[in-house]
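The next block holds one structure in the form of structure tokens; read it before the comments.
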Amino acid sequence: MSDTLRTAPGNAAAPRPARRLWSVPVLTLTALAFVVSTTEFMAVGVVPQITDDLRVSTGAAGLVSSLYATGVAVTTLPVAMTVMRHRPRVLLPAGLGLFVVAHAVMALAPTLPVLIAGRVLASTVHSLALGCALSAASAVVAPQRQGAAVGMVLGGLSGAMFLGAPLGTALGDLVGWRVSFALEGAAALLVLLAILRTLPDLPGQGVTDRRALGVLGRPQVLGPLVVTFTIMMANSVPFTYLGSYLTDVTGVGADGVAAGLAVFGVAAFAGNAAGGLVADRAPRRGAVAGATLMGVAVALFGIAGAHPWSAYVLIAFWAFGLQSIVPIVTHRAVAAGGGLAAVVGPGTANAGIAVGGLAGSAVVGLAGLRTTPWVAAVVALLLAAAMSLAALWSRADRTGTASSD
């Protein structure tokens, strides 16, 4: 499969500005990915404050976090098919404007249902904003730098994974959860203004609903989306309970849990950068290597995770392997399916996170915390084997076709 960006069906090819990777538009789109993704993760850190302020149970306040991922997964496809015909320079400011409104609702919410409504409203923008950012980043750089541009934008998401929850916790303690959401809305407004000033006028996708579904059904698009769903589902089984694992099995306190999450975030950021480089050079081998590294690291974590230092080292390899896959498969989906595939990608990832969280809950209930790494290891290694077989079959088909010619 070609790793160059293809024009979506129904669009005439537009001239490529061919900007450098570290250009202002790409950096602005990376900032967009960071701001939008931070909203998802920072809510974890303010659940205790919401519980106290709105006088609800911890489980009820936790819906502020869990329903966001569900909202992203459910709304991605209908939103994408409705609006992807519009130009990114129009679509992104409109989406970010709605995002700002959603944060105003959250900051002023008098009750938990109103707060959740604001979160769900923000979640409808999530995949659209990230997808448009990924597609636009690919469109404004030279063809040989598309994978790296995708990786850079996804680096904003990785940075949010690393900083989102700690930032939410710190801001919640310092200024309260309402001001935290208000500041996040203000950051989104700044990004909106930067988009208007820096993003070139790229074409929309120009697709109908029927054609959109056809694009998503292409093997070159569907395959990377299946990989995204599978690897995020596998990761979510143990990651959802990583804090509990480090506390109950590894035996560390709150500082140790924070250190473990920080190690995961930093390693995920590094893995994302490595995946962005590999996406332009050896995408198949890079994806197989990432899934294998994650599977082996999580399996070893299940064996040696009771010891703090070995647990932290293995968490680093686990996160690096996981996140190295994301820019590779995202770039391949965007190359084959254009901006629509880019929009659906984050929704697919969130669907995997939601399913993996539910599966993890069942695993913990039936077999205990110690079983969760083994489930993730088996799924990741099976995925690596499946990708290896697919690469061999593809190579055999190309060889056979060449021989027949």
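The values are calculated or read from the model by the stated rules, or taken from the named source; none is laboratory data. A quick note: this is a predicted structure, and the numbers were derived from the prediction, not measured. Cβ: placed from backbone, ideal geometry, glycine included. Neighbour counts: every protein chain shown.
Confirm whether residue 168 is at pLDDT below 85, among the small types (Gly, Ala, Ser) and surrounded by 16 or more Cβ atoms within 10 Å (Cβ to Cβ).
Taking the combined requirement at face value, the residue satisfies it.
Of the candidates 115, 77, 130, the single residue that is touching a residue at least 24 places away in the same chain (Cβ under 8 Å), over 21 Å from residue 351 (Cα atoms) and of a type in the set (A, V, I, L, M, F, W, C) is 115. Could you tell me whether region 130-147 includes any residue that is buried (at least 24 other Cβ atoms within 10 Å of the Cβ), farther than 26 Å from residue 329 by Cα, under 18 Å from the mean Cα position of the chain (by Cα) and not β-branched (Val, Ile, Thr)? No, every residue in region 130-147 fails to be buried (at least 24 other Cβ atoms within 10 Å of the Cβ), farther than 26 Å from residue 329 by Cα, under 18 Å from the mean Cα position of the chain (by Cα) and not β-branched (Val, Ile, Thr).
Among all residues of region 241-256, there is none that is among the β-branched types (Val, Ile, Thr) and under 23 Å from the mean Cα position of the chain (by Cα).
Scanning region 171-198 for residues that are surrounded by 19 or more Cβ atoms within 10 Å (Cβ to Cβ) and under 17 Å from residue 61 (Cα atoms), we see that the one that is modelled with the lowest pLDDT is 172.
Kindly provide the set of residues from region 28-64 that are closer than 17 Å to residue 354 by Cα and modelled with pLDDT under 75, ordered by number. Residues satisfying the conditions are 44, 59, 62. Can you find even one residue in region 326-336 that is in contact with a Gly (Cβ under 8 Å, 6 or more places away or on another chain), within 16 Å of residue 264 (Cα to Cα) and part of a helix (DSSP H, G or I)? Taking every residue of region 326-336 in turn, at least one turns out to be in contact with a Gly (Cβ under 8 Å, 6 or more places away or on another chain), within 16 Å of residue 264 (Cα to Cα) and part of a helix (DSSP H, G or I).
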